[in-house]
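First up is the structure itself, then whatever we jot down about it.
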Ligand code: ADP
């Protein structure tokens, strides 16, 4: 099982302490090694100096051995000396060494000078410098001079002790400091979390306080606020949509009820009943159309996936026009579909729905006996364009930006009479946007209105139809 502290604060502190401890241990080790090397060098220098001094002060003694001049000098109490003839006879040994040796007689292959360590029986560590020198009367002698390493070891041990005791104290202080710092650094997050917890669907207008907009937490708060803003907008849209949809559904239902009630109250001719049932069915149709539109939009909102296949846009436009032919004929209008046989990867159902809505609007708003034109072409930029042009009153400037909104109608009463709930253009707009395209409203046109579907360039070619 992997242990993982639940709180970021604890995790941060543990990481901080672990890294700091590692750095401190490395630093202490390096310091100890450096100090040891330095002390050893100093000691070796001391041994070297003592060796030089001893070399000059070894004199022949009466018994053929050697004696050390001034060996009782208090300054040299810490020095140990040994002299060996090259044939292995002990010529001199500091009295304090007793029977112990600094390394014995010279080996045959002994280097001229060497430095090493020996430990006496009582545990005293010595640094020994050995060398073969010519002393009094030209005798070649192996001289060994030693100094105690005790001082060096003592100093080194003291530092080691200091570091070993100090390190945990330093780490504990650092851990406390780290914990406190992490707490301070994370406190704004905690405050943000508490504020965010209080925000629900009822108070989506509330925002998190941005303490410092330039730091990371400020950035987080701003991003969160931005999300809240979008959420608030979406909620608002949803509320409006639900309210509008209920309202739109209520109107025909009220009408059905009213017509039914009136028909029931009076004793009337069968023809009168038939008329009532007819108008009730008309309202039912309206409800059905509205429910269809709502379904399309809710699927669109849920992220409906397009089934794109290569299609002739001209054929699609002709198909949509054919479906509305009867409506146009009722008003004595003609729908003219012409243009290039542009082929593109589209979802035929979605695009046909967009075209039907645009042509239906054109029929509704054009005067009787006029023609409606649908043109298909490929623009020089490679975009595929379908234009639906009518002879209607056009769309006043102030409504142009809003007509694609859901339930938006220029003249609500008239539009409702014509069966529209203000969803036609928003459905068309969704279908085109889902293809990566856009719907433009041509404001320059001298005729009524021109709605232009612009689809992004498609890899599929075209064929000119005359
Ligand atoms: P509806 O489904 O009620 O027709 P739409 O979303 O299709 O609603 O259209 C929104 C509004 O835009 C309508 O109320 C209508 O007044 C206006 N409109 C749409 N197309 C045209 C057009 N071709 N000419 C004039 N006005 C139009």
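The values are calculated or read from the model by the stated rules, or taken from the named source; none is laboratory data. This one's a predicted model, so the numbers in the text were calculated from it and none came from an experiment. Every residue, glycine as well, gets a Cβ built from its backbone with ideal geometry; the counts of neighbours run over all protein chains shown.
Among the listed residues 293, 298, which satisfies the condition of being within 16 Å of the ligand (Cβ to nearest atom), closer than 25 Å to residue 356 by Cα, in a helix (DSSP H, G or I) and within 45 Å of the chain's Cα centre (by Cα)? Let's see the steps before the verdict.
Details: 298 fails: within 16 Å of the ligand (Cβ to nearest atom).
The match here is 293.
Pick out the one residue from 393, 367 that is at pLDDT below 95, surrounded by fewer than 21 Cβ atoms within 10 Å (Cβ to Cβ) and more than 9 Å from the ligand (Cβ to nearest atom). Outline the logic, then answer.
Working: 393 fails: more than 9 Å from the ligand (Cβ to nearest atom).
Answer to the check: 367.
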Task: Hey, residue 360 in a strand (DSSP E or B) and outside the structural domain of residue 246 (by TED's automatic domain parsing) or not - done: no
Open item on the list: Within the range 246-284, take every residue that is at pLDDT below 90 and under 17 Å from residue 421 (Cβ atoms) and give me the one that is surrounded by the fewest Cβ atoms within 10 Å (Cβ to Cβ).
Closed with: 247
Open item on the list: Here's a check for you: in the range 355-364, which residue that is touching a helix residue (DSSP H, G or I) at 6+ places or on another chain (Cβ under 7 Å), within 11 Å of the ligand (Cβ to nearest atom) and touching a residue at least 40 places away in the same chain (Cβ under 8 Å) is farthest from residue 390 (Cα to Cα)?
Closed with: 357
Open item on the list: Which residue is farthest from residue 367 (Cα to Cα), if the candidates are limited to the range 324-350 and must be without any contact (Cβ under 8 Å) to a residue 40 or more places away in the chain and out of contact with any strand residue (DSSP E or B) (no Cβ under 9 Å at 6 or more places or on another chain)?
Closed with: 326
- [ ] All but one of (1) under 26 Å from residue 432 (Cα atoms); (2) surrounded by 14 or more Cβ atoms within 10 Å (Cβ to Cβ) hold for residue 326, so report the exception by its number.
- [x] (2)
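Quick one: is residue 163 in contact with a helix residue (DSSP H, G or I) (Cβ under 8 Å, 6 or more places away or on another chain), modelled with pLDDT of 90 or more and under 30 Å from residue 119 (Cβ atoms)?
Working: in contact with a helix residue (DSSP H, G or I) (Cβ under 8 Å, 6 or more places away or on another chain): yes; modelled with pLDDT of 90 or more: yes; under 30 Å from residue 119 (Cβ atoms): yes.
In short, yes.
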- [ ] Of the conditions (1) modelled with pLDDT under 95; (2) over 49 Å from the mean Cα position of the chain (by Cα), residue 333 clears all except one; give me its number.
- [x] (1)
- [ ] Could you grab me the full set of residues in the range 106-150 that are without any contact (Cβ under 8 Å) to a residue 40 or more places away in the chain and within 60 Å of the chain's Cα centre (by Cα)?
- [x] 150
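Let's see how each residue does on (1) part of a loop (DSSP other than H, G, I, E, B); (2) more than 18 Å from residue 427 (Cα to Cα); (3) not assigned by TED's automatic domain parsing to the domain that holds residue 431:
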| residue | (1), (2), (3) |
| --- | --- |
| 320 | no, no, no |
| 332 | yes, yes, no |
| 341 | no, yes, no |
| 374 | no, yes, no |
| 380 | yes, yes, no |
TODO: Return the total of residues in the range 115-134 being surrounded by 13 or more Cβ atoms within 10 Å (Cβ to Cβ), under 17 Å from residue 55 (Cα atoms) and out of contact with any helix residue (DSSP H, G or I) (no Cβ under 7 Å at 6 or more places or on another chain).
DONE: 3
Task: Pick from the range 65-105, criterion surrounded by fewer than 18 Cβ atoms within 10 Å (Cβ to Cβ), modelled with pLDDT of 80 or more and at positive phi, ranking: nearest to the chain's Cα centre (by Cα) - done: 104
TODO: Select from the range 405-420 the residues that are within 7 Å of the ligand (Cβ to nearest atom) and modelled with pLDDT of 85 or more and write down the one among them that is surrounded by the fewest Cβ atoms within 10 Å (Cβ to Cβ).
DONE: 410
